[in-house]
Amino acid sequence: MLENYKCEGELFDEMLAKTPKAVQHYEKFVKQFAEYNKSDFLRLKDEAKIQFLNEGITFATYNNNAEGTERIFPFDMIPRIIPAKEWDFIEKGLIQRNLAINAFLDDLYHDKKILKDGVVPLDLIQSSKNLLAQMQGVNPPGGIYNHISGTDLIRHNDGEYYVLEDNVRVPSGVSYVLANRNSLKKTLPKLFKQCKVQLVQEYPDKLLQMLQSVAPQGVDEPNCVLLTPGMYNSAYFEHSFLAQSMGIELVEGRDLFVEKNFVYMKTIYGPKRVDVIYRRVDDLFIDPLEFKEDSALGTAGLMHAYREGNVALVNAPGTGVADDKAVYIYMPEIIKYYLGEEAILNNVPTYRCEKEDDFKYVMENVHQLVVKPVDESGGYGISIGNTLTKAEIEEVKVTIKANRRKYIAQPIMSLSVHPTYIEDSDQFEPRHIDLRTFCLLGKDFQYALPGGLTRVALKKGELIVNSSQGGGSKDTWILS
Amino acid sequence: MLSRIANNLFWMGRYLERAESMTRFTKVNYFSALDGPIAVSRELALSAILRMNGMSQTELSEEDTLLQVTFAKGNGNSVISGVIAARENARSARDVISTELWESINKYYHFVLEYKIEDYQKTHLYDFSQRATDMAMVIKGKIDSTLIHDPTWDVIKAGLFVERAIQILRTIEVKYEDMKMLDAEGPSIAVRSHQLATLLDTLESFDISKKYCSRTPDLTSALEFLVLNPDFPRSFLFCLESVKFHIGRLSLEKHPSVESAEYFINKNYSKVKYTIVQDLESDLTTELSTLTNLMFEIAGKIESQYLS
């Protein structure tokens, strides 16, 4: 079925890599895949869809009706394949980068040496809305801030990987990695026969191990819980899935209370102490006494208990200052400053609109740049220069001028493409992809999930892959 | 287990049982009126279906009745509302229940939600009811065979049996009303036995009760079987004993205190156990409502001790 697949133009195709035939690491797969015919493939695709629906692997948008509108995160059955050697390199780069981010956060909330040494500009940090005064001088259990990092990678048409952005607040998507793998194994088992693919199913165990490693001092058998905003949150499936696969309690803010600076959960047999909270609730909602007063999602007194060292919060509050897209520019320097190493993974060249020279360049070149707000996620607020009309370009300029700190710009990176089944044309066509990776840091503990979530933009030519913007996903195979 | 989750699981059990009971009641009563004695009109069957659903004041066409009791999302007692609520409760607790159980509930939910209402109203009432009931049975099988028999299981089971006990009483009450109405129009043995058969069939006990009584049951033996039989899973006493069993397992107290749910259930269980059918028959309507109130009180006790 993939024999006639073509990719034209300047795009970098993962399977063809600018050659007419599949590159070596796709060869076995393509051969095995040829054993299925189109009608088998379509039937299996529908079966996979029903399986996702029955298992409730969905994300939901809620209006006023109780059952909401449930959507399956579109899953493309052609896996993205990365050879082991390439992955080893990425893995090292991810761990290096996230260790540096951890050191950076520790420094920002303590001595601020990097600012005093002028490596990162003071005003850039001070003006970040994600810098939390409440975290000043706090020593998180295990010394870890960004326990879970979701670094987004892309591959440019030069064949190189680049870090597109860091996500160190509450990155999501890992449950789809595991669900996609399960689904592909059930529907196309033969594909796995020839290709030796690295396991992803150990992620929940690793996650639990990490959570336990950062328990407060003196706690031998920590009670770890996952804090969710509740079942109407769009990522609720992931929250319950992770809690279930780790065998820990899934709690909401109203299940917890703080007494004498210790956190407890309300059980059928009375209060039980909580030691580690993997919270999937944003900073501003975790404690109404310190942040948003009207938040019903958090627990009053939680931050105080945290500062006392009686409970670990994963990730630590205030990490958002490090995944600010304007701070991203300084990542190579940050890595060098703390680790004394050159950055392994490339940064995309980035212009900070706050800087005079950069601002001037951006104003003159909006048409060939991607302009992004520094503190948004989910693909919101992004404008891609070559898709804009003249009037829209002028609008973007006005927006940037009004708040220069808020915007950065990057050259339009040509995300690599991958064969993807497109329902409308009933064919395999190239579509842009990226890779959301997952990296865990604990006390004396480091782990990167082999592969990650390959996100695919299903619309032709579209560069934004986020699920909230109509993207889908693929299973990602790291060959062993 | 978190109290909130326990509460949701308790209600999951209750809603599952409620939806199943309504499905069965509608099916059996609808079909029993098709070939029953002339006095048993279709209107009476539809009215019974509405009364069972708590809509005693309403008069509706056949199609609207079926729509209201089965597919009306605005009606909190409809089958679909029960299924949605059961599934939402399960969803909130899906990390503590087994994947197998969750999937069977989710499948049931999608089945009911996607069923073509028009088909149901016109031609497929039997097909829908049968498949929905089968799915409910699968769910119960998964509750028993895929969960650890720990507090999670006990709470779900307690919810199931509380609701089943209430539904049994409610079914008897509605069918007894029918019998009285029909009697008023002139007592007839054929009509009475048809109504008794419908009652027993609604509670899936027509064949089995005949076997137990060695003949077709009359009202006395039907009541004895449906309320006081200790061994039949759709008898009130059996349900009460099951609630007692599960709450007893949940309790950590060696000697339950007078205020506890366990004490209250045990005490009342003994009372019901030594009730004889003549006690019930003397004033059936009042006795049924006393027992229903007892179940409400038991549910209240469980909720305040464990679920809040």
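Results, tabulated for the structure shown:
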quantity	calculated
Identity of the residue in segment A:403-450, crowded, with 21+ Cβ neighbours inside 10 Å and in a loop (DSSP other than H, G, I, E, B), that ends up modelled with the lowest pLDDT	A:Leu415
Unmet requirement for B:Glu43, which otherwise passes all of (1) outside any loop (DSSP other than H, G, I, E, B); (2) surrounded by 19 or more Cβ atoms within 10 Å (Cβ to Cβ)	(2)
Near pairs, Cβ below 8 angstrom, 6+ apart or cross-chain, from segment B:281-293 (under 22 Å from B:Ile265 (Cβ atoms)) to any residue that is surrounded by 13 or more Cβ atoms within 10 Å (Cβ to Cβ) and basic (Lys, Arg)	B:Thr292/B:Arg170
Lone qualifier among B:Lys244, B:Lys254, B:Lys273 - being at pLDDT below 95 and not polar (S, T, N, Q)	B:Lys254
Failed item in (1) in a helix (DSSP H, G or I); (2) surrounded by 21 or more Cβ atoms within 10 Å (Cβ to Cβ), with B:Arg4 passing the rest	(2)
Count of segment A:211-226 residues which are within 14 Å of chain B (Cβ to nearest Cβ) and either free of Cβ contacts under 8 Å to residues at least 40 places away in the same chain or surrounded by 21 or more Cβ atoms within 10 Å (Cβ to Cβ) (or both)	3
Qualifying residue in segment B:27-40 (condition: within 14 Å of another protein chain (Cβ to nearest Cβ) and closer than 30 Å to B:Ile298 by Cβ)	no
Out of B:Ser260, B:Ser242, sole residue that is farther than 21 Å from B:Thr285 by Cα, surrounded by fewer than 20 Cβ atoms within 10 Å (Cβ to Cβ) and under 20 Å from the mean Cα position of the chain (by Cα)	B:Ser242
Members of segment A:2-20 found to be surrounded by 11 or more Cβ atoms within 10 Å (Cβ to Cβ) and at negative phi, listed by number	A:Leu2, A:Tyr5, A:Lys6, A:Cys7, A:Leu11, A:Phe12, A:Asp13, A:Glu14, A:Met15, A:Leu16
When residues of segment A:269-292 are limited to those that are surrounded by 21 or more Cβ atoms within 10 Å (Cβ to Cβ) and in contact with a Phe, Trp or Tyr (Cβ under 8 Å, 6 or more places away or on another chain), the one farthest from A:Met303 (Cα to Cα)	A:Val274
Helices (runs of 4 or more DSSP H) completely within segment B:249-308 that count 3 or more residues being more than 14 Å from chain A (Cβ to nearest Cβ) and under 30 Å from B:Met181 (Cα atoms)	B:277-282, B:284-306
Residues within segment B:203-215 that are in contact with a Leu (Cβ under 8 Å, 6 or more places away or on another chain) and either farther than 20 Å from B:Ser32 by Cβ or outside any helix (DSSP H, G or I) (or both), tallied	2
Unmet criterion (only one of (1) at pLDDT 95 or above; (2) under 24 Å from B:Arg4 (Cα atoms); (3) over 15 Å from the mean Cα position of the chain (by Cα); (4) β-branched (Val, Ile, Thr)) for B:Val83	(3)
Lone unmet requirement of (1) more than 15 Å from B:Ala93 (Cα to Cα); (2) touching a helix residue (DSSP H, G or I) at 6+ places or on another chain (Cβ under 9 Å); (3) among the hydrophobic types (A, V, I, L, M, F, W, C); (4) within 14 Å of another protein chain (Cβ to nearest Cβ) for A:Val258	(4)
Residues located in segment A:120-161, provided they are closer than 24 Å to A:Lys92 by Cβ and surrounded by fewer than 16 Cβ atoms within 10 Å (Cβ to Cβ)	A:Gly143, A:Asp158, A:Gly159, A:Glu160
Filter result for B:Thr70 (modelled with pLDDT of 95 or more, within 19 Å of B:Phe128 (Cβ to Cβ) and more than 14 Å from chain A (Cβ to nearest Cβ))	yes
Flag for A:Ser240 being without any contact (Cβ under 8 Å) to a residue 24 or more places away in the chain, touching an Asp or Glu at 6+ places or on another chain (Cβ under 9 Å), within 19 Å of A:Ile148 (Cβ to Cβ) and of a type in the set (Ser, Thr, Tyr)	yes
Residue count, segment B:101-128 (criterion: away from chain A (no Cβ under 12 Å) and not hydroxyl-bearing (Ser, Thr, Tyr))	10
Test for A:Leu208: is it of a type in the set (A, V, I, L, M), under 26 Å from B:Leu2 (Cβ atoms) and either crowded, with 22+ Cβ neighbours inside 10 Å or within 14 Å of chain B (Cβ to nearest Cβ) (or both)	yes
Complete set of residues in segment A:267-280 that are at pLDDT 95 or above, of a type outside the set (Lys, Arg) and either part of a loop (DSSP other than H, G, I, E, B) or in contact with a His (Cβ under 7 Å, 6 or more places away or on another chain) (or both)	A:Asp275
Subset tally (residues that are within 14 Å of chain A (Cβ to nearest Cβ) and touching a helix residue (DSSP H, G or I) at 6+ places or on another chain (Cβ under 7 Å)) for segment B:130-152	8
Count of segment B:182-238 residues which are in contact with a Pro (Cβ under 8 Å, 6 or more places away or on another chain) and of a type outside the set (Lys, Arg)	10
Subset of segment A:179-210 [over 30 Å from A:Gln32 (Cα atoms) and either in contact with a His (Cβ under 8 Å, 6 or more places away or on another chain) or among the polar types (S, T, N, Q) (or both)]	A:Gln209, A:Met210
Members of segment A:1-37 that are in a helix (DSSP H, G or I) and touching a residue at least 60 places away in the same chain (Cβ under 8 Å)	A:His25, A:Lys28, A:Phe29, A:Lys31, A:Gln32, A:Phe33
Count of segment A:227-255 residues which are part of a strand (DSSP E or B) and either more than 8 Å from chain B (Cβ to nearest Cβ) or surrounded by fewer than 21 Cβ atoms within 10 Å (Cβ to Cβ) (or both)	1
Test result for B:Leu160, buried (at least 18 other Cβ atoms within 10 Å of the Cβ), touching a helix residue (DSSP H, G or I) at 6+ places or on another chain (Cβ under 9 Å), modelled with pLDDT of 95 or more and within 12 Å of another protein chain (Cβ to nearest Cβ)	no
Filter result (exposed (fewer than 14 other Cβ atoms within 10 Å of the Cβ) and either within 27 Å of A:Cys439 (Cα to Cα) or in contact (Cβ under 8 Å) with a residue 12 or more places away in the chain (or both)) within segment A:187-201	A:Lys190, A:Lys193, A:Gln194, A:Lys196, A:Leu199, A:Gln201
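The values are calculated or read from the model by the stated rules, or taken from the named source; none is laboratory data. These numbers were taken from a predicted model, which means no experiment stands behind them. Every residue, glycine among them, receives a Cβ derived from its backbone with ideal geometry; neighbour counts consider all protein chains shown.
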